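Read the figures in this text as sums done on the coordinates, not as results from a lab. Nothing here was measured: the structure is a model prediction, and the numbers come from that model. Here Cβ is always computed from backbone atoms with ideal geometry, including for glycine, and neighbour counts include all displayed protein chains.
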Amino acid sequence: MARRLLIAGNWKMNGFLADSLADTLATLMRKKQDWPFEMVVCPPFTLLHYLGKIISGSGMALGAQDCHLKGSGAHTGDISPLMLKDVGCTYVILGHSERRMDHGEGDSLIREKATAALGAGLKVILCIGETEAERDSGQTLTVNQTQLKGSMPVAVDVDATNLVIAYEPVWAIGTGRTPTNLEIQEIHAFIRKELLSLIGKAAEGVRILYGGSMKPGNAGEILALPDVDGGLIGGASLKAEDFWAIAQQSPSL
Ligand code: 13P
């Protein structure tokens, strides 16, 4: 099954109404209809509604960076999957290592959120990845295997169209360091094999993104790896020219 490259920008806790980033990207996207990649921007909650209008009709999708597992109710400060749908989101990032660390999110909570998000009709970008200590002690594969198994949604049908996995080694996030291309390919192939045992044949269509210090200088070779189906980009997604330059390195362009 052909997998369409997904170039996703995780803006994290950055961005204001006055910024022109999304507008610039939408203008670039509008230049052509048939880009060989799908582009999604995931700004903070405060910008979702506004940016949804700015990028409307550009072919670019909107995503959020987290959601609650419930549809509504007494959960001060939280945002539900249905609310994300309401403001025009297609995607939601779940299980990012910064949420796992800053908010103590564990696999079972992430699984519940992912299940709720799929149930609300969102596509889930599920993040997994080992820390530097885990890598140094030779646990890379087992940590990713455990996180994948533990946080995969189970209660609803999971198929290739609504699930995306992002492999983000924690030690590569914002550090300028990356695994070697060989390591990235090996881990992505391992993740696909694990997916196969979890969801069967549909695994062949699930996109697996690489995330962690992806930038214009290394994107071309990473995106060309056979089991890499796109990137989840942090720092370099905050500059339109860098994010666009990464997308322009899609192998089929
Ligand atoms: P950087 O691209 O800044 O390393 O961040 C990656 C990331 O965490 C995306 O979710």
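The table below gives the values:
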{"read-out": "Difference of contour (0.36 nm per residue) and Cα-Cα distance, Thr180 to Glu221", "value": "13.7 nm"}
{"read-out": "Point-to-point label distance, Leu17-Ala133, nm (Cα→Cβ direction, 7 Å offset)", "value": "4.3 nm"}
{"read-out": "Net charge, Gln185 excluded, C-beta distance under 13 Å - Lys, Arg +1, Asp, Glu -1", "value": "-3"}
{"read-out": "The stretch 1-81: trypsin sites (Lys or Arg not before Pro) in DSSP coil with no more than 15 other Cβ atoms inside 10 Å", "value": "Arg4, Arg30, Lys31, Lys32, Lys70"}
{"read-out": "Alpha-carbon centroids, the stretch 103-117 and the stretch 1-49: separation in whole Å", "value": "25 Å"}
{"read-out": "Entries in Lys12/Lys239; Lys53/Lys85; Lys12/Lys113; Lys32/Lys85; Lys113/Lys201 that, when Cα-Cα distance is taken, lie over 22 Å", "value": "Lys32/Lys85; Lys113/Lys201"}
{"read-out": "In sequence order, calculated HN-Hα J values of the stretch 16-29 (Karplus, 6.51, -1.76, 1.60; Hz; x Gly/Pro)", "value": "10, 4, 6, 5, 10, 3, 5, 4, 4, 5, 4, 5, 5, 4"}
{"read-out": "Trypsin sites (Lys or Arg not before Pro) restricted to the stretch 125-218 and DSSP loop, no more than 13 other C-beta within 10 Å", "value": "Arg177"}
{"read-out": "Quarter of the Cα convex hull surface for the stretch 167-246, i.e. its orientation-mean projected area (nm²)", "value": "5.1 nm²"}
{"read-out": "Dipole of the chain, positive end: most advanced residue of Ala61, Thr76, Leu232 [Cβ charges, Cα centre]", "value": "Ala61"}
